[in-house]
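Here the structure comes first, spelled out in structure tokens, and everything after it is commentary.
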Amino acid sequence: MARISDSTVWRWLHEDAIRPWQHRCWIFPRDPHFQAKAGRILDLYERRWQGQPLREDEYVISADEKTSIQARLRIHPSLPSGPGKTMRVEHEYVRGGAWAYLAALDVHRAKVFGRCEATTGIAPFERLVDQVMSQAPYDTARRVFWVMDNGSSHRGQASVQRLMKAHPRLVPVHGPVHASWLNQIEIYFSIVQRKVLTPERLPLPGGGRRATGELRALLRKHRSSIRVEVHPRRSQRLDRANAHSPGAQPAPQAGSLKYVSELLKRTT
């Protein structure tokens, strides 16, 4: 009986693009109004609402929370990278406390607001809203659209009524269920995770309050030094109903916005 070596099997699998040891997860959209809800968020990114362009005194804010950011204090200092060597980080650490990081991004003005809270919840999120809405130009704006997911801190009709009662200029816009990736603040959180929190840049153990204070200062420093550039582009196509009509004009397709976001300009 012929024997095939392991390396041959791996080579065949590689050549045939078969990866039985890999898998990808997916989730089926269960929101019956997924396209409509996603489309209005994409329209806001292009500065449009209900088919009309936004005015100069109208703004779009993307907001969310990043939960349980731990202040991990490594037992030994990290060793820097060198020629042919990667950075080495001690595996063991001491827990120095944790923050919930709440942030809001002005999508078109490239400005980030943030705050550290002991936990997430309705009250912490409303403090973030108050922080933003009490500043110019939002305190005198005609409308300020807040793009949010369906997290427990700000979901449901009760949240809509509560926010609009406190801030009549605020227009809550919730995305579809399982579509947090539509919220552009997640791009900023991704940069924070990769550039600030991985690996941890905190000093050696010196007390819980000191550790959480260092972490908060680090997040604040990064927030003040980042620049966000958003370049929206909406493709257009003929409406199917009018595709064969004489003189038919291309109509925007809801949900077809493609945007590229570059987040990165750090100062040290």
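No lab work stands behind these numbers, since they all come straight from the coordinates. Source: prediction; values computed, not measured. Virtual Cβ from ideal backbone geometry, glycine too; neighbours counted across all protein chains shown.
What length, rounded to one decimal in nm, is gained on full extension from residue 8 through to residue 31, with 0.36 nm per residue of separation minus their alpha-carbon distance?
Answer, rounded to one decimal: 3.7 nm.
Anything over 30 Å Cα to Cα? Flag those among 37/221; 165/221; 37/111; 37/195, in the order listed.
Pairs exceeding 30 Å: 37/221; 165/221; 37/195.
Along the Cα-to-Cβ line of residue 67, 7 Å from the Cα, sits a label point; which residues in the range 125-140 have backbone N less than 17 Å from it?
Label zone hits: 125-126.
Could the peptides 135-145, 53-63, 111-121 be put in order, highest first, of the mean number of other beta-carbon atoms found within 10 Å of their residues?
In descending order of packing, they fall as 53-63, 111-121, 135-145.
For residue 166 paired with residue 119, estimate the spin-label separation in nm (one decimal), with each label point 7 Å from Cα along the Cα-to-Cβ line.
1.7 nm
Please work out the Kirkwood hydrodynamic radius for the range 25-93, using every pair of different C-alpha atoms, and report it in angstroms with one decimal place.
17.6 Å
Could you give the alpha-carbon Rg of the range 35-157 over 2.2 N^0.38 Å, rounded to two decimals?
In units of the globular-protein estimate, the range 35-157 measures up at 1.43.
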